[in-house]
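Engineer: So that we are looking at the same thing, I have put the structure below in structure tokens.
All of the numbers you see were taken from the coordinates with simple rules; none came from a lab. Owing to the predicted nature of the structure, the values given are computational and were not obtained by experimental measurement. Heads up, the Cβs are rebuilt from the backbone with ideal geometry, glycines too, and the neighbour counts pull from every protein chain shown.
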Amino acid sequence: MTDNPHHHKTPSGKPRARSFGIGFDGTPGPFNAITDVAGVSVGYSTLISGDGPLVVGQGPVRTGVTAILPRPQADLATPVFAGIFSQNGNGELTGSHIVEETGAFNFPITVTNTHSCGVSRDGTLRWMSQVLPAALDSGWGLPVAAETYDGFLNDINGHHVTSGHVAEALDGAASGPIEEGSVGGGTGMIAFGFKAGSGTASRITEWQGRAYTVGAFVQANFGKRRNFTLRGLRAGLELVEPAIREGTPRAEKGSIIAVIATDAPFLPHQMKRLARRVPLGVAMTGGFGYHSSGDIFLAFSTANPDAALAPPGRIARAEFIPDSDIDPFFDAVVQGVEEAVLNAMVANEDMTGRDGNFVPALPKAWLEEKFG
């Protein structure tokens with residue numbers, strides 16, 4: 001447990017998992033967020049409007065965009081070493097091919113709903129051409145944009161996310177404590193039959209007398225209720241109610257996007273190794289990577305900027321922690337992802353969307369009874 005208020009409440013006062021006395025492994029950073037990694041910032045654009053029957057193009061709308069800036073705005077053209085891992089590829093993360101090819105990417109990351117992924121990608125390029133035009137003067141941009149499906153609550157075929165909303169999320173990106181739950185791209189998302197969405201956590205890992213930060217951010221939209229596990233408790237077996245209520249029958253469509261950030265010096269193959277550990281954190285909450293779930297994970301390091309942007313014509317040099325010392329960082333990824341998923345669920349409320357489709361929040365009274 002910790003007395004840090006940022007560990008217990010979001011900036012708007014919503015509870016986080018630790019506020020109910022739930023204990024976690026590892027040591028969180030000051031904000032217990034991906035923004036504990038210096039230079040990383042997060043912004044949201046949240047779209048909530050309308051009620052009642054679905055009218056495509058009009059609503060109801062329950063969606064948004066999340067922006068994650070891996071470096072300060074002025075440095076966004078400088079690549080970060082990175083790796084990706086797809087546990088189950090029933091989803092999309094643009095820019096994945098160049099990450100696989102070069103072990104790096106630049107520009108912001110955006111996360112939104114499935115049918116707005118292209119808009120968020122293109123909106124990022126439009127925004128970059130305005131705020132940092134030199135980054136596109138002599139080359140092309142291949143930004144990272146990811147998605148999960150929110151069509152149970154949202155008019156997903158109405159295409160309500162615009163490049164203006166993408167710019168709003170990017171312009172609003174800030175460091176420090178960040179909101180969680182039904183915000184940004186996570187607005188219309190569901191996990192284990194409970195309202196979920198955006199969640200984050202961080203861990204401090206020491207190596208050779210120096211403290212490094214590993215931050216996790218998830219857009220959680222996955223899992224069957226029967227599998228839900230909270231710190232080893234098979235909670236789904238006793239949480240049959242409150243249940244989802246369907247005005248329109250729901251197809252099983254769920255995914256999770258996770259972004260791991262660290263200031264530890266690692267090479268691209270090591271970032272891929274960190275990304276491969278994300279599913280272990282997801283599994284600790286009961287996520288098993290079912291067929292329809294796009295479980296796609298990105299990890300990046302803000303270290304070694306000179307090597308990541310190495311000019312041609314001379315030898316480039318990068319520092320890195322040896323593979324033989326990487327295990328504590330694997331711990332940090334697993335611990336951070338587990339807590340980020342639970343934060344996305346706890347910092348939430350009931351939501352009714354299109355056609356009266358209703359998704360309950362994880363019951364706070366039950367959390368108090370079990371952990372308070």
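Engineer: From the square roots a ≥ b ≥ c of the eigenvalues of the alpha-carbon gyration tensor of segment 200-326, which class results: rounded (a/c under 1.5), prolate (a/b over b/c), or oblate?
Structural biologist: Values: a/c = 3.52, a/b = 2.19, b/c = 1.60.
In terms of gyration-tensor shape, prolate.
Engineer: Please compute the Kirkwood hydrodynamic radius over segment 115-220, one decimal place, Å, based on all pairs of different Cα atoms.
Structural biologist: For segment 115-220, inverting the mean 1/r across all distinct Cα pairs yields 16.0 Å.
Engineer: If you don't mind, there's one more thing I want to ask. Given K9/K272; K195/K364; K253/K364, which pairs have Cα atoms separated by over 24 Å?
Structural biologist: Pairs exceeding 24 Å: K9/K272; K253/K364.
Engineer: Between G215, G141, G286, which gets the highest mean-square fluctuation from a Gaussian network model of the chain, Cα cutoff 10 Å?
Structural biologist: G141
Engineer: Classify segment 54-118: rounded, prolate or oblate, from the alpha-carbon gyration tensor (a ≥ b ≥ c, eigenvalue square roots; a/c under 1.5 rounded; otherwise prolate if a/b is larger than b/c)?
Structural biologist: Cα axes put segment 54-118 in the oblate bin.
Engineer: Looking at the square roots a ≥ b ≥ c of the eigenvalues of the Cα gyration tensor of segment 14-58, which shape do they give, rounded for a/c under 1.5, prolate if a/b is larger than b/c, or oblate?
Structural biologist: It is oblate, given that a/c is not under 1.5 and a/b is not larger than b/c.
Engineer: With the crude spin-label approximation of a point 7 Å out along Cα→Cβ, what separation in nm comes out for A77 versus I204?
Structural biologist: 3.6 nm
Engineer: Moving on. Using only the alpha-carbon atoms of segment 233-297 as identical scatterers, what base-10 log of I(q)/I(0) does the Debye formula give at q = 0.20, 0.24, 0.27 Å⁻¹?
Structural biologist: Log10 of I(q)/I(0), two decimals: -0.96, -1.14, -1.22.
Engineer: So which trypsin sites (Lys or Arg not before Pro) in segment 209-270 are both in a DSSP loop and have at most 14 other Cβ atoms within 10 Å of their Cβ? Before the final figure, lay out each step's value.
Structural biologist: Details: sites: R210, K224, R225, R226, R231, R234, R245, R250, K253; in loops: K224, R231, R234, R250, K253.
Taking segment 209-270 and a limit of 14 other Cβ atoms within 10 Å, the loop trypsin sites (Lys or Arg not before Pro) found are R234.
Engineer: Highest GNM mean-square fluctuation, the chain, Cα pairs closer than 10 Å: which of A173, A77, A243?
Structural biologist: A243
Engineer: Going through segment 180-261, which GluC sites (Glu not before Pro) have at most 11 other Cβ atoms within 10 Å and a DSSP loop state? Mind dumping the intermediate values first?
Structural biologist: On the way: sites: E180, E206, E238, E246, E252; in loops: E180, E238, E246, E252.
Within segment 180-261, the qualifying GluC sites (Glu not before Pro) (loop, at most 11 other Cβ atoms within 10 Å) are E238, E252.
Engineer: Over segment 159-224, what number does the Rg to Rh ratio reach, with both radii from the alpha-carbon atoms and Rh per Kirkwood?
Structural biologist: 1.10
Engineer: Something else about it: What relative contact order, as a whole-number percentage, does segment 78-198 give when Cα pairs under 8 Å and 6 or more residues apart are counted?
Structural biologist: After rounding, I find 25 percent.
Engineer: I want the local charge near S19. Using Cβ-Cβ distances under 14 Å, sum +1 for each Lys or Arg and -1 for each Asp or Glu among the other residues.
Structural biologist: Values: positive: K9, K14, R16, R18, K364, K370; negative: D3, E180, E339, E368.
Local charge sum for S19: +2.
Engineer: Follow-up question, since we're still on this one. So what is the relative contact order of the chain, in percent, for Cα pairs below 8 Å that sit 6 or more residues apart?
Structural biologist: Values: 1036 pairs, mean separation 92.7, N = 372.
Relative contact order, the chain: 25 percent.
Engineer: If you don't mind, there's one more thing I want to ask. Give a quick list of GluC sites (Glu not before Pro) in segment 97-169 that DSSP marks as loop, anything other than H, G, I, E or B, with at most 14 other Cβ atoms within 10 Å.
Structural biologist: When the GluC sites (Glu not before Pro) of segment 97-169 are filtered for loop state and at most 14 Cβ neighbours within 10 Å, nothing remains.
Engineer: Could you work out how much longer the chain between A310 and L280 gets when fully extended? Use 0.36 nm per residue separation minus the Cα distance between them, nm to one decimal.
Structural biologist: Full-extension gain reported as 7.4 nm.
Engineer: Taking the chain as a Gaussian network, where each spring joins two C-alpha atoms under 10 Å apart, which residue of I68, I98, I156 fluctuates the most?
Structural biologist: Maximum among the listed residues: I98.
Engineer: Could I ask something else about it? Stokes-Einstein at 25 °C, 0.890 mPa s, Kirkwood radius from Cα pairs: D for the chain in µm² s⁻¹? Provide the component values of the computation, followed by the final result.
Structural biologist: Details: Rh = 20.2 Å.
Estimated diffusion coefficient is 121 µm²/s.
Engineer: Determine the equivalent ellipsoid of segment 23-88 by diagonalising the alpha-carbon gyration tensor, then write out the semi-axes as square roots of 5 times the eigenvalues, largest first, rounded to whole Å.
Structural biologist: That gives 32, 18, 15 Å for the three semi-axes.
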